[in-house]
Amino acid sequence: MRRVSRIAGPLLAVVTMAIGRPAVAQIDLSGEWAGTFYEDLPHRGGMQLGDYTGLPLNEAGWRKAQSWDEAVVATHERQCIPHIATYALRGPASIRFVKVIEPDSGRLVAYNLMGSYGRPRMIWMDGRPHPSDLAPHTWTGFSTGRWEKNTLVVSTTHIKMGWLQRNGAPTSDLTTMTENFIRHGDYLMAATILTDPVFLSEPFIRTTNFALNLSRNADAWGSCGPQQTVDELPNAKLGYVPHHLPDDVAHVQEFVTKNAVPPDGARGGSETLYPQYIQTLQQLARNESDPRNRVAQGPPRTENPRRMPPAPASGEISVLKVQGSVYLLAGAGGNIAVQVGDDGVLLVDAGTAGMTDKVLAAVRQLSDKPIRFILNTHAHPDHIGGNERLASAGSRGAGGRPSDNPGPGAMVMAHEAVLHAISAPTGKVSPMPVAAWPTDTYAGESKDVSSNGEAVQLLHQPAAHTDGDSIVFFRRSDVVVTGDIFDFTSYPVIDAARGGRFTGVIDALNRVIELTVARDWQEGGTMVIPGQGRIADESDVVEYRDMVTIIRDRIQAMIKKGMTLEQVQAAKPTYEYDGRYGSTTGSWTTAMFVGAAYRDLSKR
Amino acid sequence: MSPAIGLAAHARTHTTRVTAALFRVFVFSWLVVGMAEVAAAQRGGPPAGPPPTPRASAPIDITGNWVSVVTEDWRWRMLTPRKGDYASVPLSVEGRKLADSWDPAKAAADGCKPYGAAAIMRIPGRLRIAWENDTTLKIDTDAGQQTRRLVFDKAVTPSAERSWQGHTAADWERIPQPGGQGVSIQQAAPRVGSLKAVTTNLLPGYLRKNGVAYSEETTVTEYFDRLAVEGGDWLTVFTIVDDPRYLSQQFITSTHFKREADAAAWNPTPCGGR
């Protein structure tokens, strides 16, 4: 029995710990939950234009909301967009929490949360990290969860540009969301806190309530693919972007008149959310002539500095799989696309000259095959600076085909305008060494390449970012590489000295939208690698195209009024986009962009 | 019996004895620990000594200065809505009739009707929350200058007279555990987190300033939670208003407040002052 005692002591301790350990089990949230609509009812369906009450919109957010035209949701590119994560819990329907369990251990891996007219959202509970900043954004974003006492705390990032409510009140793709789910018996409260440096002046909190629903399932919303969209806007051509110009405020007048809400309060904003604003409302009620009682916008009252953080200058290369056989290498200047396969490696662009060793090392992580092709999207050094060394590290001649002209050095291919830009007539000094020049050029509208069994097309886009832009389309991988006609970190750069034109950029963006085909719910499908910035899809390009088109329409309207460039710049036609794309310093400022647009549009 | 067989039999006997002893230890431990937890759970505190006071056992601290952040129902809370605008409120036929009879010209005479316990958390304003004693949390509002007392001591009963804030019985919310009152291998300590408050004994008042009424039969159930999130410290109040007379179903709202460092912005205003 002494031996029993020796065993029993530790066993008792183990059993005691096992039975008496602190509760780490979660409160069960799984099931169907019906929304209770006792708050903000008019805000939770189709709602009136001009009603931004209760939203901490900054001036950029309010102006963007006011320019929104509801016809935009009828465009082909937007008909299938589901409720975004920032709104899905507010929509008029039930939600469903489903546990995702690891079968062997019984461990909770994730919750699957179905929001109203939204897409199922995975809330990962297994401690996985959030993706790279360069990863694509989606309507649901990427969510991770943890339990704190009785609260499921969910953090969501990687959300597309979207909305707070369905009348144009915007959110940017820099938005992050924290949700706190707390169960009280058969009720569930979700407190959602949104942070958006671009369109909100402070974190936006709202609480949404649900009741356990034992009698039905949360609605399934079937599917919505591009084949299901219809022509809701007769005669609307590709590139038509419905919106309201700043002077056009008739659409927001109805709300303030009908509901006796002063326009200053209807605009939202941090100051309107706090009790002391009631005194302002009382003053406005006493003084009808107060300018804050008018819906007219007037010029922007504040500056809108850039809120988009600069790309991390770590000097390192980030490697992300895009899809199919295509990868993104970021961090070497302009983005580089890499296609790998049995034949070898194909690069779209080569980054800066100083980063070639690191680019080569990154390529070697993906393939030990030789670099066969380098395709240049245009002639700028941050995209072709690495041509010389990367080409010399490769070799042409895949598969022993006579037409491949086997030999040392990769084939460097571009539109002939690129060669013109970086070479010089005999006797003159060229901007780039001969070894960096394209070895093969094309002069027509397109050029085909077969690489690793995949059709790859170079599509010339005349007079856009430069006069020699090529869009590269990987047809099997379904990836489009745009070069700098789509710069996701900045307003489009117009290199007028090399034949670039503002209107040509809009044409080029529309062409990218023509090439891309989204999957169901206007997400994914053809993926897009921009010249700079994160991986995108069609809906991201649509947002960017819309932005450039709206700015075009504003500047055009100002030119029609006879305004000078200085007057146009002072009127800040880009104002609400400056936080995301603008810059007051560096090689491409907002003023330079407006100037390029003004000069180009004045010629028409 | 061969020596080998005898050795094996001895080993079997020994193993059986050990197994039986271990089993007894296991059952004993299970019962002792499990029952101790059940007892602790039923008492709401550790097994020995007097139970801690509600103040000492508070799982969350909601004391301090808080300001309402009106991001929902803005035009019904920041402004006095127009007569007949009772959007979102599930009024009964009688309740609707009463709301339709409200006279804006006489709103000044409504006094503290919109500041009763069923609505006071929705009035834009500031809260000052503090322990009045070990069993009572006091909530002062600057809007309407009201005081609510959340009473944890169950021996305290409602006063004979109804009031705007009524009588509020408070408790720390406990999450039901598996195994009921029996002993389960999965038994765990009760989980708490929210402050639950049930208010009765109310004077009739308004859910909204435009005469959307609740009756003296109303019961208000509230859950107070505190959320500490990056960039903010929030208090949420989940409110269920039950009024068998003027509501056709429960009226459920949730209201949020942001912590303030001090009471510098405290602005006491009498009923009707805003």
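Laid out as a table, the results:
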quantity: Single unsatisfied condition, A:L281 versus (1) in contact (Cβ under 8 Å) with a residue 40 or more places away in the chain; (2) within 12 Å of chain B (Cβ to nearest Cβ); (3) over 23 Å from the mean Cα position of the chain (by Cα); calculated: (1)
quantity: The lone exception for A:G525 - which of (1) touching a Pro at 6+ places or on another chain (Cβ under 9 Å); (2) small (G, A, S); (3) part of a helix (DSSP H, G or I) it fails; calculated: (3)
quantity: Test: residue in segment A:175-182 that is in contact (Cβ under 8 Å) with a residue 24 or more places away in the chain, surrounded by fewer than 22 Cβ atoms within 10 Å (Cβ to Cβ), more than 10 Å from chain B (Cβ to nearest Cβ) and over 20 Å from the mean Cα position of the chain (by Cα); calculated: no
quantity: Boolean, B:S101 is of a type in the set (G, A, S) and buried (at least 17 other Cβ atoms within 10 Å of the Cβ); calculated: no
quantity: Count of segment A:142-174 residues which are within 14 Å of another protein chain (Cβ to nearest Cβ) and basic (K, R); calculated: 2
quantity: Test: residue in segment B:64-75 that is at pLDDT below 95 and either in contact with a strand residue (DSSP E or B) (Cβ under 6 Å, 6 or more places away or on another chain) or more than 9 Å from chain A (Cβ to nearest Cβ) (or both); calculated: no
quantity: Matching strands (runs of 3 or more DSSP E) fully within segment B:57-145 where at least 1 residues are among the charged types (D, E, K, R); calculated: B:126-133, B:136-141
quantity: Complete set of residues in segment B:226-249 that are closer than 17 Å to A:P203 by Cβ and within 8 Å of chain A (Cβ to nearest Cβ); calculated: B:L227, B:V229, B:E230, B:G231, B:G232, B:W234, B:T236
quantity: Breaking point among (1) away from chain A (no Cβ under 14 Å); (2) under 22 Å from A:T207 (Cβ atoms), for B:S163; calculated: (2)
quantity: Whichever residue in segment A:182-197 is touching a strand residue (DSSP E or B) at 6+ places or on another chain (Cβ under 6 Å) and not in a strand (DSSP E or B) and, among such residues, is farthest from A:E576 (Cα to Cα); calculated: A:D186
quantity: Those residues of segment A:498-542 which are of a type in the set (A, V, I, L, M, F, W, C) and at pLDDT below 95, in sequence order; calculated: A:W521
quantity: Verdict on A:G351 being within 21 Å of the chain's Cα centre (by Cα), touching a residue at least 12 places away in the same chain (Cβ under 8 Å) and buried (at least 17 other Cβ atoms within 10 Å of the Cβ); calculated: no
quantity: Enumeration of residues in segment B:210-235 that are among the β-branched types (V, I, T), surrounded by 23 or more Cβ atoms within 10 Å (Cβ to Cβ) and either touching a Lys or Arg at 6+ places or on another chain (Cβ under 7 Å) or assigned to a strand (DSSP E or B) (or both); calculated: B:V212, B:V220
quantity: Long-range neighbours under 7 Å by Cβ, at least six apart or interchain, first residue within 14 Å of chain B (Cβ to nearest Cβ) and on the phi > 0 side of the Ramachandran plot within segment A:51-77, second part of a loop (DSSP other than H, G, I, E, B) and at pLDDT 95 or above; calculated: A:G54/A:G268; A:G54/B:V70; A:G54/B:T71; A:G54/B:E72
quantity: Number of the condition not met by A:L346 [criteria: (1) in contact with a Phe, Trp or Tyr (Cβ under 9 Å, 6 or more places away or on another chain); (2) surrounded by fewer than 16 Cβ atoms within 10 Å (Cβ to Cβ); (3) more than 30 Å from A:G54 (Cβ to Cβ)]; calculated: (2)
quantity: Counted residues, segment A:141-160 - those being modelled with pLDDT under 95 and within 28 Å of A:G331 (Cβ to Cβ); calculated: 0
quantity: Candidate set: segment B:250-265, residues that are part of a strand (DSSP E or B) and of a type in the set (S, T, N, Q); chosen: the one nearest to the other protein chains (Cβ to nearest Cβ); calculated: B:S254
quantity: Hey, A:V256 in contact with a Pro (Cβ under 7 Å, 6 or more places away or on another chain), farther than 28 Å from A:A93 by Cβ and either among the aliphatic types (A, V, I, L, M) or at pLDDT below 95 (or both) or not; calculated: yes
quantity: Test: residue in segment B:147-166 that is modelled with pLDDT under 90, part of a strand (DSSP E or B) and within 30 Å of A:Q276 (Cβ to Cβ); calculated: no
quantity: Subset of segment A:198-252 (residues that are assigned to a loop (DSSP other than H, G, I, E, B), of a type in the set (G, A, S) and surrounded by 14 or more Cβ atoms within 10 Å (Cβ to Cβ)); calculated: A:S201, A:A218, A:G225, A:A236, A:G239
quantity: Filtered residues of segment A:30-64 (kept if of a type in the set (A, V, I, L, M) and either at pLDDT 95 or above or over 28 Å from B:T239 (Cα atoms) (or both)); calculated: A:L49, A:L55, A:L57, A:A60
quantity: Selection count, segment A:504-527, where residues are in contact with a Phe, Trp or Tyr (Cβ under 7 Å, 6 or more places away or on another chain) and buried (at least 24 other Cβ atoms within 10 Å of the Cβ); calculated: 2
quantity: Yes/no for A:S392 being within 23 Å of A:A424 (Cβ to Cβ), of a type in the set (S, T, Y), surrounded by fewer than 24 Cβ atoms within 10 Å (Cβ to Cβ) and without any contact (Cβ under 8 Å) to a residue 60 or more places away in the chain; calculated: yes
quantity: From the options B:A143, B:A155, B:A99, residue that is more than 28 Å from B:S194 (Cβ to Cβ) and over 16 Å from the mean Cα position of the chain (by Cα); calculated: B:A99
quantity: Matching residues, segment A:123-143, being assigned to a loop (DSSP other than H, G, I, E, B) and over 15 Å from A:T178 (Cα atoms); calculated: A:D126, A:G127, A:R128, A:P129, A:P131, A:S132, A:D133, A:L134, A:A135, A:P136, A:H137, A:W139
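This table checks each residue for (1) assigned to a loop (DSSP other than H, G, I, E, B); (2) within 14 Å of chain B (Cβ to nearest Cβ); (3) of a type outside the set (S, T, Y); (4) buried (at least 17 other Cβ atoms within 10 Å of the Cβ).
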| position | (1), (2), (3), (4) |
| --- | --- |
| A:A285 | no, yes, yes, no |
| A:E288 | yes, no, yes, no |
| A:V295 | yes, no, yes, yes |
| A:P299 | yes, no, yes, no |
| A:S314 | yes, no, no, no |
| A:V322 | no, no, yes, yes |
| A:L328 | no, no, yes, yes |
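The values are calculated or read from the model by the stated rules, or taken from the named source; none is laboratory data. The structure displayed is predicted, hence computed values, not measured ones. Reconstructed Cβ throughout: ideal geometry from the backbone, glycine too, with neighbour counts over all protein chains shown.
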